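Here's the structure we're looking at; comments come further down.
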Amino acid sequence: MKNTLARGLTNLLPMVLSIWLFWSLFISLDGLGKLLLDIVGIKTVFVGAGFCLVASLVFVAGLLFSVSPIAWVYGWIENQLMKFPLFKSVYGSIRDIASLMNRDGQPKTQKTVLVKQANGSFVVGFIMSDSAPQPLVDALPEGDWLPVLFQLSYQIAGVTSLVKRDDLIFVDWSFEDAMRFNLTAGISNSKEAKTD
């Protein structure tokens, strides 16, 4: 009975949590859209009208940002707001995370690598950029240093280290699969091996 419960939990929990997360996001965006409709005095005709409004507004914003004058004005406003230290830290971090989701045809720099540890073991990491920031390069000893992210299991957090390119072992493994491996501490890979 214990194994049956565990099997049911491991199969249902990811599905239920994923559906709940997307449903919560849908409800939140739908509520925001309904609020906007109420402000302009329009009654909601169907369930999801608010969500459709928010999705449409995001789409229109994407179209507008492809027009140079609007992109320039937004860039100017962004630069003014970035003069405030706290806003700069929070907004800059969120913008960088959002940019990971949409590279707009740019080549992905996140390559999977292995880094050898002092005890002879290896850690899976990800090259996040083709070069380290100049102030760090100036402070480091001579060498080709790259920022490598070591993702922590079951957390959004990770540790970014600067590693010499010569000390990296490049792995032909997609960023998504390797990230899933790191986030689940290798469990996702063992499950895939069992199904093959």
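In the context of the full set of protein chains, the chain has a per residue accessible area of 75 Å² (1.4 Å probe). In segment 55-78, whose amide N lies under 18 Å from the spot 7 Å out along Cα-to-Cβ of residue 40? List them in ranges. The answer is 55-65. Our note on the geometry: Cα centres of segment 1-32 and segment 42-95, 30 Å apart. Taking only the C-alpha atoms of the chain, Rg followed by Dmax gives 22.4, 67 Å.
Annotation: extensible slack from residue 4 through residue 68 equals 17.1 nm (criterion: 0.36 nm per residue apart, minus Cα-Cα distance). Calculated [222 nm] ellipticity per residue, helices only, for the chain: -18500 deg cm²/dmol; basis is -39500 (n - 2.57) per DSSP H run with n ≥ 4, divided by all residues, nearest 500. Spin-label pair residue 56-residue 184: with each label point 7 Å from Cα along the Cα-Cβ axis, the two points sit 4.0 nm from one another.
Taking only the alpha carbons of segment 7-79, we obtain Rg and Dmax values of 17.8, 56 Å in that order. Taking the Cβ-Cβ separation of residue 90 and residue 137 as r and a Förster radius of 30 Å, what is the calculated FRET efficiency to the nearest 0.05? Using R0 = 30 Å, I get an efficiency of 0.70. Length gained on full extension, residue 13 to residue 49: 10.0 nm, using 0.36 nm per residue less the C-alpha separation.
Mean separation of Cα pairs under 8 Å and 6 or more residues apart, divided by the residue count, gives the chain a relative contact order of 12 percent.
The values are calculated or read from the model by the stated rules, or taken from the named source; none is laboratory data. This one's a predicted model, so the numbers in the text were calculated from it and none came from an experiment. In this analysis, Cβ positions are derived from the backbone assuming ideal geometry, glycine residues included, and neighbour counts consider all displayed protein chains. Heads up: the accessible areas ignore ligands, DNA and RNA and are worked out on the full protein's heavy atoms, side chains in. Shrake-Rupley method; radii C 1.70, N 1.55, O 1.52, S 1.80 Å.
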